[in-house]
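For reference, the structure discussed in these notes is given below.
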Amino acid sequence: MKVLIYTHPPDYVMATLAARSIQAAGAEPILAIDAADPPLCIEGVRVIRTSFPRVGNLNGREFVLGNLRLMHELGAGDEWICKGDSDTWWNRLDWIHGHGDVTAVALSDPGSHPFYGLAYALRVDRIPAMIALGEQTLDAAARLPEDITTGELATACGGVHAWINLHPGTPLAAYNWETAEDPETLKRRYDVIVFQRMQGRRRRDVVAAMKLFS
Amino acid sequence: MKTFVIITTPRARGDLLVRMLAAAPGCACANADGLLKKAKAFDDSMGAIAVGSAVTSAIAAAAGSTAGTRACGIADRYAGHEGWRDAVGLWSWLLLSAPDLHLIFLSRDQAETELSMEATSRRWVPSYGTCAGKAGKRMIDQVRSMEDFHLMNPTRTMLLDSSDLLHFDMVRPRLAALGLELDRAAWESAIALVTHDRKTIAAERPPHDEIDWDLIPVAEPVGRASDVGPAETLDEVAQRVGLVPGRPRRFVEPERTGIPRAICIPWLASAAKWEELKHALRSIDRHWSDRECPIFILGPERPQWLAEDSGRVKFIPIDYTRGKRRGLHEAFRIGTTIADEVAWWNDDIYLLKDAGWEDLRVAVTEGCLDGKVSRMLTSPNGWQRALGEACLVLHHYGIKSVMRFATHTPYLFEREKSLEIFRKFRLPFKGGWVTYYHGWHGTPHQPIGRLKVNQLTRVPAEAIFLNHSDRTLTAGLKAAIAERFSTPAPWELPG
């Protein structure tokens, strides 16, 4: 199984750590850089370039459809393909399996954010239907955040198993900077951990925290 | 053939590593500053990543490899001048274009004393040889970029710092991990040149035992209510700012005049708001115990009320044509060295009771500056910024805690100590002088307490000095000063 991460130069170090964790979890990481970015070399990690517009932090019809086409292409031969973020740490892949015939598995905040982009899995053979639906329905002028839009397409094309954010049994979680738990405990508890730089943390903080898990 | 590229931060002793490897058997190595950027620019213009053989061939040629060469490499400067994006682009390009190539990142040991600035810095002064070197933010960023790229490519890159090079047992196995064989003879021949370089650095700092360190207290920062919140320590600010002291200004050392003691007052007629100087001098005439010492007024023009035969009060013209700050600096340099001991006065300082030289021997302070340096450095006020820089420079030279000696009271300067300050420090044209002087010389000091007042309505018994600013020189205060010092001094013109 492959895990696709869109990254850019400031996030290369955390993307490297994320990729190493994905390898340790038993999947193949693929880092996607933008066509305008400088070349990137990371030992043992496949790096590809994408040319569809990212519109900031992964938004817009072009990006949603471009991402789905790329995931379909990269996932050929596998049952599932995942998308992750640069600031995620992957301990296991167990969270993906055992949820019936759904099209996607993802973390969800039903009230505010029904489908998070930090880590989700798509069933590869359902992706063409999502692309077809997206081509028909997505507005080229709308902002369309990648994660929410992809979640809506997946919901319409077979359904989503939503792991509810902050629910006791949910195996995906944001790293709590105040936690007294040691990394080993958190690694046992969660399959995927995200470090959420956007919540006021500097990249150096994220990298330092991710290193605690390696 | 093994190929490597050494990427160096400034003053990391890249030359030394090149010498070592160039002298190693079967290895060719040379400096090739700028080669990588040029090669990448060419490659970019072609729109593709170069084939490996082209890059390795260029490196081999620049290194001067021959038929018997088993390993070759070049040293180039850190190339990420625009930041991480540039660096990661260039280094990735190198690794992608030549799959067998290795990168050696060489940085200056951040704890290392300055070793090589005599060769690389135009601002070098010999005393740097005895200073703890400080790594600037830019260099720290460069080292972080190297560490980050090493994390991304752990087997194709290596991190070295300049201190590793000085120990054969340290550097040999590190280079061997990349397949580069360094023998002791090659290392010794290269290191011998470093030893020679180091010997050329002459220490200028006074012997440690000549500084009375016990007189430099480690004081608690004094803060106001508005200062709440964690303040950076002087150490932290110094690490972050990475200031390197400037070369002292050139000046002609004045001959000793033989005058044992003098009072010096800089004065600029255009800056006077009132007859401050006349009344300050009257207070000296009434209360200063030494009635023989000359009083020098230093400025661009003589006070109009000063008599032709002014006795102990003498006027020294100062060139202010290049600006007020330069003029004041010139007055300070001349005034503080005109006698063996000088009381440096200002026209807005008045004596309120009898006092003399002994009252100035213990300097007075207004708290510790350590927790305020960060704010001073970013102040819109140039005087404050100069004071903040003074703290950092003193820290650079080993002073761990700096007091605020700028108290708007008379300062006692000793000629020889003043000269040492002029020889050692690049004094700003305005601000920080007294901090350099007392901070460096470790002058005994005490909190100013109630020694100074800024009004005459309620004067505590301990108060010796009255000092006002332009803003606080109200009509009421003028009247009170004029009444208190109504008796003309002998040097005034009648009327």
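The values are calculated or read from the model by the stated rules, or taken from the named source; none is laboratory data. Values in this document were obtained by computation on a predicted structure and should not be read as measured data. Positions of Cβ are backbone-derived with ideal geometry, glycine not excepted, and every protein chain shown enters the neighbour counts. Surface accessibility is based on the protein's heavy atoms, side chains included, excluding ligands, DNA and RNA. Shrake-Rupley method; radii C 1.70, N 1.55, O 1.52, S 1.80 Å.
Residues in the range A:39-66 that are assigned to a strand (DSSP E or B) and within 14 Å of chain B (Cβ to nearest Cβ): A:ARG46, A:VAL47, A:ILE48, A:ARG49. Of the residues making up the range A:117-125, one or more are surrounded by fewer than 19 Cβ atoms within 10 Å (Cβ to Cβ) and over 14 Å from the mean Cα position of the chain (by Cα). When residues in the range A:182-211 are screened for being in a loop (DSSP other than H, G, I, E, B) and either within 14 Å of another protein chain (Cβ to nearest Cβ) or surrounded by fewer than 12 Cβ atoms within 10 Å (Cβ to Cβ) (or both), 5 of them pass. Within the option set A:GLY44, A:GLY56, A:GLY66, A:GLY77, being closer than 21 Å to A:ILE148 by Cα and at pLDDT 95 or above holds for one residue only, A:GLY66. For the range A:16-24, indicate whether the set of residues that are assigned to a loop (DSSP other than H, G, I, E, B) and surrounded by fewer than 23 Cβ atoms within 10 Å (Cβ to Cβ) is non-empty. Scanning the range A:16-24, I find no residue that is assigned to a loop (DSSP other than H, G, I, E, B) and surrounded by fewer than 23 Cβ atoms within 10 Å (Cβ to Cβ), so the answer is no. Looking for whichever is modelled with pLDDT under 90 and part of a loop (DSSP other than H, G, I, E, B) here; the options are B:SER53, B:SER65. Which one fits? Criteria check complete, one pass: B:SER65. Taken together, B:GLU276, B:GLU341 contain a single residue that is at pLDDT 90 or above and within 30 Å of B:ALA479 (Cα to Cα), which is B:GLU276.
Of the residues in the range B:149-165, how many are more than 31 Å from the chain's Cα centre (by Cα) and not in a strand (DSSP E or B)? The qualifying residues number 8.
Applying the set (1) in contact with an Asp or Glu (Cβ under 8 Å, 6 or more places away or on another chain); (2) within 27 Å of B:SER289 (Cα to Cα); (3) at pLDDT 90 or above; (4) not polar (S, T, N, Q) to B:LEU456 leaves exactly one unmet item: (1).
Within this structure, B:ASP348 fails the test of being within 26 Å of B:ALA271 (Cα to Cα) and surrounded by fewer than 21 Cβ atoms within 10 Å (Cβ to Cβ). The residues of the range A:1-24 that are at the interface with chain B (Cβ under 9 Å from one of its Cβ atoms) and hydroxyl-bearing (Ser, Thr, Tyr), listed by number, are A:TYR12, A:THR16.
Which count do you get for residues in the range B:140-163 that are open to solvent by less than 20 Å² (accessible area, probe 1.4 Å) and away from chain A (no Cβ under 14 Å)?
Number satisfying all stated conditions: 3.
Tell me, please, whether a residue that is at pLDDT below 95, within 14 Å of chain B (Cβ to nearest Cβ), under 22 Å from B:HIS150 (Cα atoms) and open to solvent by 10 Å² or more (accessible area, probe 1.4 Å) can be found in the range A:25-38. Looking through the range A:25-38, at least one residue is at pLDDT below 95, within 14 Å of chain B (Cβ to nearest Cβ), under 22 Å from B:HIS150 (Cα atoms) and open to solvent by 10 Å² or more (accessible area, probe 1.4 Å).
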